[in-house]
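Visitor: Please read through the structure below; I'll follow up with questions.
The values are calculated or read from the model by the stated rules, or taken from the named source; none is laboratory data. In this text, all values refer to a predicted model and were calculated from it rather than measured experimentally. Glycine gets a Cβ as well: all are built from the backbone with ideal geometry, and neighbour counts include every protein chain shown. Surface areas here come from the heavy atoms of the whole protein model, side chains and all, with no ligands, DNA or RNA. Shrake-Rupley method; radii C 1.70, N 1.55, O 1.52, S 1.80 Å.
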Amino acid sequence: MHNKIFQSPILNQSKRVGIIGGGQLAWMMAVAAESLGIELVIQTPYASDPAVAIASENIFASIDDAAATAKLAARCDVITFENEFINLNALMPLARQGVCFHPSLTALAPLLDKYQQRCYLKEIGLPQAGFMSLEGKLDKEELGLVEVSGQSIKLNDLEFPLVLKARRQGYDGKGTFIIKDSSSLDATWQQLKYEPVMLEEFVGFERELAVIAARSVTGKVVVYPVVETQQEEQVCRRVIVPAEISSTLATEINAIASTLLNSLQVVGVFGIELFLTTTGKVLVNEVSPRTHNSGHYTLDACETSQFEQQLRAVIGLPLGSPKMHCTGAVMVNLLGYEHSQYEYLEKRQKLASLPNSFVHWYGKKESRPGRKLGHVTVLEKGDDKLSNRNWQQEVIEKVESLWYG
Ligand code: ADP
């Protein structure tokens, strides 16, 4: 694909899409890019990033290097993002000069800081847990006073457990801490150098859910099936598709996704993480302004993957159908469990030989505990004699014993 100008079967001239970030989310756009006749140009500081090998061209620079993004803009029709660690202020002048970003910087602005994201969700009336910003230590030694959402209160007066979240740069649970009491709050906050953080009500959820939604340049919104996500130590381990929820709840979640994407006038794909509480209420946990781990199953289980959908949206093509072409699916993340540079070929072959399974290996050069190295999606074809739940459980046990065993 390198430097090759070719005619697309779909587009009447080839398009070049710039992507800020070179991780697995950019890498997983490769197949769709090829079939749509799109060349990808990646801005990343790391030559070892998964997407570097599939790009037509790479610009090796930090993702918040606006001068590099100006070069990227000169080589592309549109720029999109594969992570949220964006320096909006640095990019604003480019947008003012006419560089096309999708989603737009204005749509991203309320989402990049977790506390500001919460304030925005509140403004548009979406359901969520109680939250506050924790901004400064006033007089710890004497009174333990802190500034919480503009008011000074005593740390001891807060109701525990609470969840403390770094406002930026968090991912895979890094930056999210469950806090049991005021002394551990202080200790955790100290680790974060008393930077402003967000405090959130601890939600005793029954399950965690997520949904992927896309919006086109003409304002059409498509929403994928709602999925169940299972986290361990705040990291997503597996995704079950579709989530076993009532149609009323699915409609409610669809409405949340549409309200959010329409009010921000997003062009692109968003992942929305939700809690289902023990009383059956849905609360938004977090919005990711990009493709999301909870949507990886769409590569193998849906008519249009989330990655194709993002490309379609940002280059102005009509969106594809989000429908599944199987009755269900299970996606299991292959997380690193040791420090090594091993490629785990044998394990991957075993996983690939499971019926209806699709292994995606991101080609990272190094494994570390908890690092997302790949994922496996196993499709349910509806001819199974076991109940859905049993089938899902069997698949998960099989995959995880092959991988971690
Ligand atoms: P990240 O942005 O790193 O993914 P999240 O805010 O999504 O972090 O939190 C990661 C996980 O931590 C969630 O999936 C959930 O399991 C747990 N968690 C986050 N917020 C809360 C909360 N308010 N109450 C209970 N658990 C939470």
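Visitor: Given a 1.4 Å probe and the protein chains all in place, what does the accessible area of residue 46 round to, in Å² to the nearest 10?
Guide: Number for this one is 130 Å².
Visitor: Residues with beta-carbon under 12 Å from that of residue 325, excluding residue 325: net charge, scoring Lys, Arg +1 and Asp, Glu -1?
Guide: Taking every Cβ under 12 Å from that of residue 325, the sum is -1.
Visitor: Show me, for segment 219-236, the HN-Hα J-couplings you get by feeding each phi into the Karplus relation (A = 6.51, B = -1.76, C = 1.60, θ = phi - 60°), rounded to Hz, glycine and proline as x.
Guide: With the stated coefficients, segment 219-236 comes to x, 7, 10, 10, 10, 7, x, 6, 10, 9, 10, 10, 9, 10, 6, 6, 10, 5 Hz.
Visitor: Here is a follow-up. Pop a pseudo-label 7 angstrom from the Cα along the beta-carbon direction at both residue 95 and residue 62 and give the gap in nm to one decimal.
Guide: Computed distance between label sites residue 95 and residue 62 equals 2.1 nm.
Visitor: Using amide H atoms built 1.01 Å from N in the peptide plane, name the residues 5+ places from residue 39, or on other chains, whose amide H lies under 5 Å from its own.
Guide: Counting only residues 5 or more places away or on other chains, the set is 15, 16, 17.
Visitor: By accessible area of protein heavy atoms, probe 1.4 Å, what ranking do 297, 194 get, highest first?
Guide: Per-residue accessible area, sorted high to low, gives 194, 297.
Visitor: Between the DSSP loop rule and a limit of at most 15 other Cβ atoms within 10 Å, which trypsin sites (Lys or Arg not before Pro) in segment 291-358 are left?
Guide: Values: sites: 312, 323, 347, 348, 350; in loops: 323.
Filter output for segment 291-358: 323.
Visitor: Compute, for the chain, the length of the dipole vector about the Cα centre, with Cβ point charges of +1 (Lys, Arg) and -1 (Asp, Glu) only. Units Debye, rounded to 20.
Guide: Working: 39 positive and 46 negative charges, 213 e Å.
For this selection, approximately 1020 debye.
Visitor: Something else now. Over the chain, with a Gaussian network built from C-alpha contacts below 10 Å, which listed residue (273, 84, 343) shows the highest mean-square fluctuation?
Guide: Comparing 273, 84, 343 in the GNM, the peak value goes to 343.
Visitor: Between residue 237 and residue 53, how many nm apart are label points set 7 Å from Cα along the C-beta direction?
Guide: 2.9
Visitor: Over all distinct alpha-carbon pairs, what is the Kirkwood Rh of the chain in angstrom?
Guide: When all Cα pairs of the chain are included, the Kirkwood radius is 22.3 Å.
Visitor: For the full complex of protein chains and a 1.4 angstrom probe, list 377, 251 by accessible area with the highest value first.
Guide: Values: 377 0, 251 90 Å².
Heavy-atom accessible area, descending, gives 251, 377.
Visitor: Still on this structure, I have one more. Give the Rg/Rh ratio for segment 263-355, taking Rg as the radius of gyration of the Cα atoms and Rh as the Kirkwood radius, to two decimals. Can you show the working numbers first?
Guide: Numbers: Rg = 16.9 Å, Rh = 16.2 Å.
A ratio of 1.05.
Visitor: Using a cut-off of 17 Å between alpha-carbon atoms, which lysines can reach residue 220, once sequence neighbours fewer than 8 places away in the same chain are excluded?
Guide: Here the lysines satisfying the reach criterion relative to residue 220 are 323.
Visitor: In the chain, if the dipole is taken from +1 on Lys/Arg beta carbons and -1 on Asp/Glu beta carbons about the Cα centre, which of 126, 216, 289 is farthest to the positive end?
Guide: 216
Visitor: Per residue, how much accessible area does the chain show when a 1.4 Å probe rolls over the protein heavy atoms, in square angstrom?
Guide: 44
Visitor: Another one. What is the set of long-range amide H partners of residue 59 at a cut-off below 5 Å, with H atoms built 1.01 Å from backbone N?
Guide: Amide H neighbours of residue 59: 42, 43, 44.
Visitor: Once the whole set of protein chains is in place, how much accessible area is left on residue 77, using a 1.4 Å probe, in Å² to the nearest 10?
Guide: 80
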